[in-house]
2 protein chains.
Amino acid sequence: MSHEPNDTIVALATAHGSAAIAVIRLSGPKALDIVESFFYSRAQKKKLLKDKTSHTAHFGLIIHQEVILDEVVVTLYKSPNTYTGQDSVEVSCHGSHFIQQQLLKLFLSAGARMAQPGEFTMRAFLNGKLDLSQAEAVADLIASNSAISHQVAMQQMRGGFSGKIKLLRENLIDFAALIELELDFSEEDVEFANRNDLKSLITKIITVIQKLVNSFDVGNVIKNGIPVAIVGKPNAGKSTLLNVLLEEDRAIVSDIPGTTRDTIEDEMTIDGVLFRFIDTAGLRTTSDIVEQIGVNKALEVIRKSAIVIYLFDSHAISCGDLKMEIELLKDHIGNSQLVLVANKIDAENDTDLKAEFSDYPEMVFISAKHQRNIEELKQKLVALFDTRTINATDTIVTNARHANSLRNAEKALIKVNDGLNANIAGDLLALDIRYALEELGSITGQVTNEDLLDSIFTRFCIGK
Amino acid sequence: MSHEPNDTIVALATAHGSAAIAVIRLSGPKALDIVESFFYSRAQKKKLLKDKTSHTAHFGLIIHQEVILDEVVVTLYKSPNTYTGQDSVEVSCHGSHFIQQQLLKLFLSAGARMAQPGEFTMRAFLNGKLDLSQAEAVADLIASNSAISHQVAMQQMRGGFSGKIKLLRENLIDFAALIELELDFSEEDVEFANRNDLKSLITKIITVIQKLVNSFDVGNVIKNGIPVAIVGKPNAGKSTLLNVLLEEDRAIVSDIPGTTRDTIEDEMTIDGVLFRFIDTAGLRTTSDIVEQIGVNKALEVIRKSAIVIYLFDSHAISCGDLKMEIELLKDHIGNSQLVLVANKIDAENDTDLKAEFSDYPEMVFISAKHQRNIEELKQKLVALFDTRTINATDTIVTNARHANSLRNAEKALIKVNDGLNANIAGDLLALDIRYALEELGSITGQVTNEDLLDSIFTRFCIGK
């Protein structure tokens, strides 16, 4: 990808497919020229754009070789107050694939270049409009599919996370400067940097970094959904339960006509929290986790889950047998949370069942078929997530790259700390401090390189 | 659908799916109020929209209950210079499904109503921004997938067709007025309307209408693509040929990265003309049209085609045998155009083959496998279409509703003509003239009713 943003890029910014409108976006020094050269009034007279004010919208025709390609609205964004920092134009056209393609071809023929994925946002970064972690949050925001993942991405895009990292880094830089100063005077054996102050600072920073690193466990779940497995014997009602859960979710979604969602089959959002059912296709058919407990695939599903729902037919099992099965299961679920769900309850046996399984006060009694107490089960799932005390306003690391840099910085600072305890020389300390600074700087893009930028921005969609 | 456009409607105007941006559109008296009530500056201070100029774009945050839903650009369009004629707002947000949904919910909660399909354009019609045939052309424009269908829709949207119909109608109205005047003086047996002038006018109008009605054959093909069947014996190379034709088309389309098309498998555009292969799924596998000539399904495919490509293995058949097969085929193809294609040619047998089949000078010699002369075949297909002398700047009827109204008007005017020849009374003439006027008026919406509007606009996509 070119990191010299002096040419003009163009891309479709809206989703593909036929719709009322589509938006084609241009950014670069020739953006206004290119669009202007094809822009005409309703009466087919040439319309000027460059003399118009920024942030204004203009109705007109796009005409090429006397053929009217479309009636459009052109919105001007003049440098520097634009998303990319460059002159930008948005052409809002009729949402036909044919028109989109013709307009793109036209702008390309006039000197624009097809934008690479994320190139608009990369320009925003290169022009200082966003730092790197904010830029990455833009992609997360677009991909966000629950209230929490949305809020975390929004907070990061608006600079919450960057602010925290920058603060850590500034504290370290001040100290690094003193240590480096000592090196200049190394013959004289002076200490400008108070070792006790440095130690307490390093300890403080390590604590903050550790908290951030730990938040990635949760952050990852927020971003990708909480993995849940529904396990149980055949005929326990696993597939009925899953369908009931998913269908309700879909029904809510389809409340708003026209927003038919690209359904990812086995995901659902409860109270803004995304749950993802792992490999339930297999579970839905014949495989029975408990019976196949030795089978690798089944174990894998359980291992990947943060929550394991153990569903059983409340008519078909005694409490004693259940206990044995749970013990067997517990050997395999590791740190996952286990939710016991008694299925196929009815009004008649409700009280008896609760007495029978009174050893398990947390057990949820449902009827998947008759959709009884499903809401209770859903609240249970949400509550399990809440017990991890997630607060979307906390700074939560959701990006594996950030988590990795934080871990590296942590390691370096632990070495600094050890070095301080062992009273090692300032130049060795300086080395590790510099390394930690670089790792922290790479998160916000204060320290960066072309490969890193490419690997980040190629993950974006084209047009952003 | 409500035809009282006094409430405020909202819809997603861009295609569904994840993308850089999405646009939510509002139209109605409360559009500005609704968006303004959630609109804040970057510093989270309330931003006013109503005092801003029309056609301006404003960056800001959408905040609800202290949660930032998105950073957006809000573009204002103030009545009357808007698409619908009403106050309108376009909110350009990040293209995440979650954000789209949240913003829609928010605007709905604040008093907007979800727009019905085509409701924005219906409001444009009701507010006199477009006539009915122009409004219908908007939907055609969005659906257009070839240069010709695009140009015909564009011309109709820009009023070319309406102008023609309105002119016909005005001529008739002048005469109708004179005839109606005669009725007022019917006791006195006067003739204000010169019968010869009327006759020549009616004849002229009928001619124009007939030309328009006839253009619908072509218009329908422009809109829906030219139906083509590739028939031939097993191993003639039908599926190879189809794949070669379609793949080339796709390669052209994918020239522009990022414009991956929602491929409709069996369509291709050659020189701006859309060709549609009918039921080729079946043809590609085992069925052999000629051998199954008695089978209904095969006959149906041929009957539906405007062009039948008869493909044969040039190594496997003599000219004599071919003649017999063609005779058999000709019994069934009706008005379709037959294109004879000799497949599997190579450099060695090229000349011999052309001699062998010299009775068929129009025959195309190709090698589907080695992609020889494919371009020649394509030009042949386009030429068949061209022989119908289509000119995108001609007025072409592409809409079945319009064709139907024109046919009804034509019938009525033929009755008027017959009546004039039989010297029948003015009141009977007036009846049929009025009927013709109504039919013509229904095309442009000068005469209309709620059912008609509903049936037209429900075919639109939501958001337009």
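The values are calculated or read from the model by the stated rules, or taken from the named source; none is laboratory data. Fair warning: this is a prediction, and the values are worked out from it, not measured in the lab. In this analysis, Cβ positions are derived from the backbone assuming ideal geometry, glycine residues included, and neighbour counts consider all displayed protein chains. For accessibility, only protein heavy atoms count, side chains too; no ligands or nucleic acids. Shrake-Rupley method; radii C 1.70, N 1.55, O 1.52, S 1.80 Å.
A few notes on this one:
- Candidates A:THR351, A:THR285 - the one that is surrounded by fewer than 18 Cβ atoms within 10 Å (Cβ to Cβ), at pLDDT 75 or above and either among the hydroxyl-bearing types (Ser, Thr, Tyr) or under 18 Å from A:LEU241 (Cα atoms) (or both): A:THR351
- Test: residue in segment A:364-378 that is open to solvent by less than 70 Å² (accessible area, probe 1.4 Å) and within 16 Å of A:LEU168 (Cα to Cα): no
- Among the residues of segment B:252-275, the one identified as at pLDDT below 80, open to solvent by less than 60 Å² (accessible area, probe 1.4 Å) and away from chain A (no Cβ under 14 Å) is B:ASP266.
- Among (1) within 9 Å of another protein chain (Cβ to nearest Cβ); (2) open to solvent by 10 Å² or more (accessible area, probe 1.4 Å) - the single one B:ASP174 does not satisfy: (1)
- Filtered residue count, segment B:182-202, keeping only those that are part of a helix (DSSP H, G or I), over 38 Å from the mean Cα position of the chain (by Cα) and touching a residue at least 12 places away in the same chain (Cβ under 8 Å): 4
- Test: A:ALA403 is assigned to a helix (DSSP H, G or I), within 30 Å of B:CYS93 (Cα to Cα) and at pLDDT 85 or above: yes
- Residues in segment B:19-46 that are more than 11 Å from chain A (Cβ to nearest Cβ), under 26 Å from B:CYS461 (Cβ atoms) and part of a strand (DSSP E or B): B:LEU26, B:SER27.
- Members of segment A:47-61 that are hydrophobic (A, V, I, L, M, F, W, C) and either in contact with a helix residue (DSSP H, G or I) (Cβ under 6 Å, 6 or more places away or on another chain) or within 11 Å of another protein chain (Cβ to nearest Cβ) (or both): A:LEU49, A:ALA57, A:PHE59, A:LEU61
- For segment A:311-332, a residue qualifies if it is open to solvent by less than 40 Å² (accessible area, probe 1.4 Å) and touching a helix residue (DSSP H, G or I) at 6+ places or on another chain (Cβ under 6 Å), and the qualifying residues are A:LEU311, A:SER314, A:CYS319.
- For A:LEU61, the conditions (1) of a type outside the set (Lys, Arg); (2) surrounded by 22 or more Cβ atoms within 10 Å (Cβ to Cβ); (3) assigned to a strand (DSSP E or B) all hold with the exception of (2).
- Filtered residue count, segment B:98-129, keeping only those that are more than 11 Å from every other protein chain (Cβ to nearest Cβ), in contact with a helix residue (DSSP H, G or I) (Cβ under 7 Å, 6 or more places away or on another chain) and among the hydrophobic types (A, V, I, L, M, F, W, C): 5
- Of A:LEU377, A:LEU353, all but one fail to be closer than 30 Å to A:ASP217 by Cβ and aliphatic (A, V, I, L, M); the exception is A:LEU377.
- Checked against the criterion of being modelled with pLDDT under 95 and either open to solvent by 10 Å² or more (accessible area, probe 1.4 Å) or on the phi < 0 side of the Ramachandran plot (or both), segment A:51-58 has at least one qualifying residue.
- Residue check for A:GLU71: open to solvent by 20 Å² or more (accessible area, probe 1.4 Å), touching a residue at least 60 places away in the same chain (Cβ under 8 Å) and outside any loop (DSSP other than H, G, I, E, B): no
- Being acidic (Asp, Glu), crowded, with 16+ Cβ neighbours inside 10 Å and not in a loop (DSSP other than H, G, I, E, B) is a property that does not hold for A:GLU300.
- Residues being within 14 Å of chain B (Cβ to nearest Cβ) and loosely packed, with under 14 Cβ neighbours inside 10 Å - total across segment A:421-464: 2
- Counting the residues of segment B:118-147 that are part of a loop (DSSP other than H, G, I, E, B) and out of contact with any strand residue (DSSP E or B) (no Cβ under 9 Å at 6 or more places or on another chain) gives 6.
- Remark: pairs (first residue in segment A:149-160, within 7 Å of another protein chain (Cβ to nearest Cβ); second residue hydroxyl-bearing (Ser, Thr, Tyr) and open to solvent by less than 10 Å² (accessible area, probe 1.4 Å); Cβ separation under 7 Å; 6+ apart in sequence or on different chains) = A:HIS150/A:SER144.
- Failed criterion for A:LYS164 (all others in (1) modelled with pLDDT of 85 or more; (2) outside any helix (DSSP H, G or I) hold): (2)
- Residue count for segment A:105-117 under the criterion of being in a loop (DSSP other than H, G, I, E, B) and more than 32 Å from the chain's Cα centre (by Cα): the result is 2.
- Among all residues of segment A:107-119, there is none that is in contact with a Gly (Cβ under 6 Å, 6 or more places away or on another chain) and open to solvent by 10 Å² or more (accessible area, probe 1.4 Å).
- Selection within segment B:131-171: residues that are open to solvent by 10 Å² or more (accessible area, probe 1.4 Å) and within 30 Å of B:ALA425 (Cα to Cα). The member of this set that is farthest from the chain's Cα centre (by Cα) is B:ASN171.
- Segment A:64-97, residues that are among the small types (Gly, Ala, Ser), under 24 Å from A:LYS45 (Cα atoms) and within 8 Å of chain B (Cβ to nearest Cβ): A:SER92
- Residues (touching a residue at least 40 places away in the same chain (Cβ under 8 Å) and among the hydrophobic types (A, V, I, L, M, F, W, C)) located in segment A:323-356: A:LEU329, A:VAL339, A:VAL341
- Lone unmet requirement of (1) in a helix (DSSP H, G or I); (2) within 25 Å of the chain's Cα centre (by Cα) for B:VAL397: (1)
- Positions within segment A:76-99 being open to solvent by less than 10 Å² (accessible area, probe 1.4 Å) and not in a loop (DSSP other than H, G, I, E, B), in sequence order: A:LEU76, A:VAL89, A:VAL91, A:CYS93, A:GLY95, A:ILE99
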